[in-house]
1. Please enumerate the residues belonging to the stretch 159-177 that are assigned to a helix (DSSP H, G or I) and either out of contact with any strand residue (DSSP E or B) (no Cβ under 8 Å at 6 or more places or on another chain) or among the hydrophobic types (A, V, I, L, M, F, W, C) (or both).
2. Going through the stretch 69-104 one residue at a time, which ones are within 15 Å of the chain's Cα centre (by Cα) and free of Cβ contacts under 8 Å to residues at least 12 places away in the same chain?
3. Looking only at the stretch 185-218, how many residues end up being under 19 Å from the mean Cα position of the chain (by Cα) and surrounded by fewer than 20 Cβ atoms within 10 Å (Cβ to Cβ)?
4. So which helices (runs of 4 or more DSSP H) stay within the stretch 178-265 end to end and still have 1 or more residues that are touching a helix residue (DSSP H, G or I) at 6+ places or on another chain (Cβ under 6 Å) and hydrophobic (A, V, I, L, M, F, W, C)?
5. Considering the stretch 219-239 alone, what residues qualify as being of a type in the set (D, E, K, R), farther than 16 Å from Lys195 by Cβ and surrounded by 16 or more Cβ atoms within 10 Å (Cβ to Cβ)?
6. Could you tell me whether Arg60 is surrounded by fewer than 17 Cβ atoms within 10 Å (Cβ to Cβ), in contact with a Gly (Cβ under 6 Å, 6 or more places away or on another chain) and of a type outside the set (A, V, I, L, M)?
7. Among the listed residues Ser56, Ser21, which satisfies the condition of being of a type outside the set (A, V, I, L, M, F, W, C), closer than 29 Å to Leu160 by Cβ and without any contact (Cβ under 8 Å) to a residue 24 or more places away in the chain?
Amino acid sequence: MTFYEVLTAAINDIIEYGFDSKKRIDGWLQKIKIAANDALMSDEQMQTEMEKALNSTFARMVTKGGLINKSITKYDIEKLKPRLRSELDRRIMASANLIKYNREKNVNEVLQRFEGWATSIPVGGSKAVDRVKEKQTIKKSLTKMPFEQRRVVIDQTHKLVSNINEIVAMDNGAIAARWHSHWKQPNYNYRKDHKERDEKIYVIRNSWAHKEGLIKPVNGYTDDITSPGEEVYCRCNYVYLYNLRQVQDLLTKKGQAALQSAKIV
């Protein structure tokens, strides 16, 4: 039987007999749990999809040279490959726990809704129950599961991208980072404080320019705030900056003098 068929049978049975014994409720809970798990993509399938997405992103950025630009060379990427590969492996391991947790959470919500409803029906049943409405309410958590599974994949992929970019930037002498929010994107549920950070430049504490007193934290330091992608479903990103010409609003008098003399660029 499908999940819907099991749930329909369970609701019909409770409507007819009501909460006349714990055994009746427990029996249906067990059947609903089995049917719910069978209706969802297995943990193994979901993990395969997750690994496929993360490996594809890693290949695009690292193997195929997607990170290479005016500030980052192919040699820089090759040198960092072991660390970047470790970040990929770490993200894959983390995703396995998230998949398991989300699956259990959604199935448990279905069971809790059914048990809460079933135990409210008096012995002997009830003719006042809206069967369709109850089915829709009880299965709500399960119907949104595929959407949530996709969101987990997207979120973990963005976290991988953000962490790889940070590793490469730190290793190659980035001095600051400009926050970019997607708050203008239609239907994106942005965080208000992330919108307020949009286009602001944050100093990287103890970068070479900071140590030499050439720049000041007008908006603060990157380690004073959460990183892009750190919070759940955050899709913000940093644009890393490497030279004084890119951060002129942050220059100290010493930094302005250094830039004008072209001794440091």
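A short reminder: the numbers here are calculations on the coordinates, not readings from a lab. From a predicted model like this one, the values you see are computed outputs, not experimental measurements. For neighbour counting, all protein chains shown are included, and Cβ atoms are generated from backbone atoms with ideal geometry for every residue, glycine included.
1. Step one: filter the stretch 159-177 for residues assigned to a helix (DSSP H, G or I), giving 159-171.
Hits for the stretch 159-177 are Lys159, Leu160, Val161, Asn163, Ile164, Ile167, Val168, Ala169, Met170, Asp171.
2. Result: Arg90, Met93, Asn97, Tyr101.
3. Within the stretch 185-218, the first condition is being under 19 Å from the mean Cα position of the chain (by Cα), and the residues that meet it are 185-195.
Subset that is surrounded by fewer than 20 Cβ atoms within 10 Å (Cβ to Cβ): 185-193, 195.
Number satisfying all stated conditions: 10.
4. Details: elements: 192-197, 208-211, 253-261.
Per the criteria, 253-261.
5. none
6. Values: surrounded by fewer than 17 Cβ atoms within 10 Å (Cβ to Cβ): yes; in contact with a Gly (Cβ under 6 Å, 6 or more places away or on another chain): yes; of a type outside the set (A, V, I, L, M): yes.
When the stated conditions are applied, Arg60 passes them.
7. Numbers: Ser21 fails: closer than 29 Å to Leu160 by Cβ.
Being of a type outside the set (A, V, I, L, M, F, W, C), closer than 29 Å to Leu160 by Cβ and without any contact (Cβ under 8 Å) to a residue 24 or more places away in the chain holds for just one of Ser56, Ser21, which is Ser56.
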